[in-house]
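Taking it in order: structure first as structure tokens, then the write-up.
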Amino acid sequence: LTVPLTTGPGAIAAASALAANRTGELRHVVGSILVSLLVSTLVAVTIALAYSRAGLFARWVGREGTRVITRLSAFLLLCVGVQIVLTGVSDVLPGLIAKGVQLGAL
């Protein structure tokens, strides 16, 4: 159940949404590529460590602790989804309002 949360469509959608607000300047593009590579490497190492120690951690936190962590992870994923929706709405809404005002003036 955890693999789609780390490497599935949600990860691709989050990366696309975060990259959508980048500027086109070469300096910013290169900086953002370097930061993306660094963050991707840190995330990959964190995931590898978490997956390799998952059984030990599950025994340590117990059944209820595992349920709490699962629900917190789902909540964080929901927050990312809401942020993606809000970013999309904030990009589209001003244009729709402007067109509505233009149509109302006719």
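The values are calculated or read from the model by the stated rules, or taken from the named source; none is laboratory data. Computed from a predicted model, the values in this text were never measured in an experiment. All Cβ positions, even for glycine, are placed from backbone atoms using ideal geometry, and neighbour counts span all protein chains on display. Accessible surface is based on the protein model in full, side chains and every heavy atom, while ligands, DNA and RNA are left aside. Shrake-Rupley method; radii C 1.70, N 1.55, O 1.52, S 1.80 Å.
How do the pairs read when you match residues in the stretch 31-49 that are within 17 Å of I12 (Cα to Cα) with residues anywhere that are surrounded by 11 or more Cβ atoms within 10 Å (Cβ to Cβ), using Cβ under 7 Å and keeping only pairs 6 or more apart or on different chains? That search, which allows pairs on different chains as well, returns S32/R22; I47/T6.
Any residue at all in the stretch 48-69 that is on the phi > 0 side of the Ramachandran plot, at pLDDT 85 or above and part of a helix (DSSP H, G or I)? Yes, the stretch 48-69 contains at least one residue that is on the phi > 0 side of the Ramachandran plot, at pLDDT 85 or above and part of a helix (DSSP H, G or I). For the stretch 4-12, the criterion of being polar (S, T, N, Q), modelled with pLDDT under 80 and open to solvent by less than 70 Å² (accessible area, probe 1.4 Å) is met by at least one residue.
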